[in-house]
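Undergrad: Next up is a structure, given as structure tokens.
The values are calculated or read from the model by the stated rules, or taken from the named source; none is laboratory data. Everything quoted here is computed from the prediction, not taken from an experiment. Glycine also receives a Cβ, built like all others from the backbone with ideal geometry; neighbour counts cover every protein chain displayed.
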């Protein structure tokens, strides 16, 4: 009889301790997944914009027009934005280079960047 009451007193707060321990862990996991999702969306949006920009530049042959078109095409959000887009046509090839700034969701640290470069032949 004495052993049963001692066992219960040790288990009394275990559910509360598990809850208090798991909530911050779950919050950190959710923030990590959300940051990974935002970075993935920024990469996909950058790659799609670059692909479409080089195609457009290859068709029309005008670097400035293609750059404006590409910057307007990029669908920025509050967490990522295209900092620069460079379009060059040389040696019958279109080269587009982009740099996208991605903000951290849960801290005010400096943002990180994604850079990409795409090439395609000029269409005559």
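Undergrad: Within the range 113-124, which residues are without any contact (Cβ under 8 Å) to a residue 40 or more places away in the chain and under 14 Å from the mean Cα position of the chain (by Cα)?
TA: If the condition is that a residue be without any contact (Cβ under 8 Å) to a residue 40 or more places away in the chain and under 14 Å from the mean Cα position of the chain (by Cα), then 113, 115 are the ones that fit.
Undergrad: Among the residues of the range 50-70, is there at least one that is at pLDDT below 95, part of a loop (DSSP other than H, G, I, E, B) and within 20 Å of the chain's Cα centre (by Cα)?
TA: Scanning the range 50-70, I find no residue that is at pLDDT below 95, part of a loop (DSSP other than H, G, I, E, B) and within 20 Å of the chain's Cα centre (by Cα), so the answer is no.
Undergrad: Could you look through the range 72-124, keep only residues that are assigned to a loop (DSSP other than H, G, I, E, B), within 23 Å of residue 28 (Cβ to Cβ) and touching a helix residue (DSSP H, G or I) at 6+ places or on another chain (Cβ under 6 Å), and pick out the one that is modelled with the lowest pLDDT? Can you show your working first?
TA: Here is the first cut: in the range 72-124, the residues assigned to a loop (DSSP other than H, G, I, E, B) are 74-79, 91-92, 103-111, 122-124.
Remaining after also requiring within 23 Å of residue 28 (Cβ to Cβ): 77-79, 103-111.
Then keep just the ones that are touching a helix residue (DSSP H, G or I) at 6+ places or on another chain (Cβ under 6 Å); that gives 79, 105-106.
On the way: 79: 93, 105: 89, 106: 85.
For the range 72-124, the residue satisfying everything is 106.
Undergrad: Give the residues of the range 100-123 that are exposed (fewer than 15 other Cβ atoms within 10 Å of the Cβ) and closer than 14 Å to residue 49 by Cα, sorted by residue number.
TA: 115, 117, 119
Undergrad: Any chance you could count how many residues in the range 47-96 are surrounded by fewer than 16 Cβ atoms within 10 Å (Cβ to Cβ), within 20 Å of residue 114 (Cα to Cα) and touching a residue at least 40 places away in the same chain (Cβ under 8 Å)?
TA: Residues flagged as surrounded by fewer than 16 Cβ atoms within 10 Å (Cβ to Cβ), within 20 Å of residue 114 (Cα to Cα) and touching a residue at least 40 places away in the same chain (Cβ under 8 Å) within the range 47-96 amount to 2.
Undergrad: For the range 36-46: of the residues being farther than 16 Å from residue 71 by Cα and in contact (Cβ under 8 Å) with a residue 60 or more places away in the chain, which is nearest to the chain's Cα centre (by Cα)? Lay out the reasoning, then the answer.
TA: Let us first name the residues in the range 36-46 that are farther than 16 Å from residue 71 by Cα, namely 36-41.
Filter once more, so that each one left must be in contact (Cβ under 8 Å) with a residue 60 or more places away in the chain: 38-39.
On the way: 38: 4, 39: 1 Å.
Ranking the candidates gives 39 first.
Undergrad: Kindly indicate the residue of the range 18-28 that is surrounded by 10 or more Cβ atoms within 10 Å (Cβ to Cβ) and farther than 23 Å from residue 105 by Cα and also modelled with the lowest pLDDT among those meeting that condition.
TA: My answer is 18.
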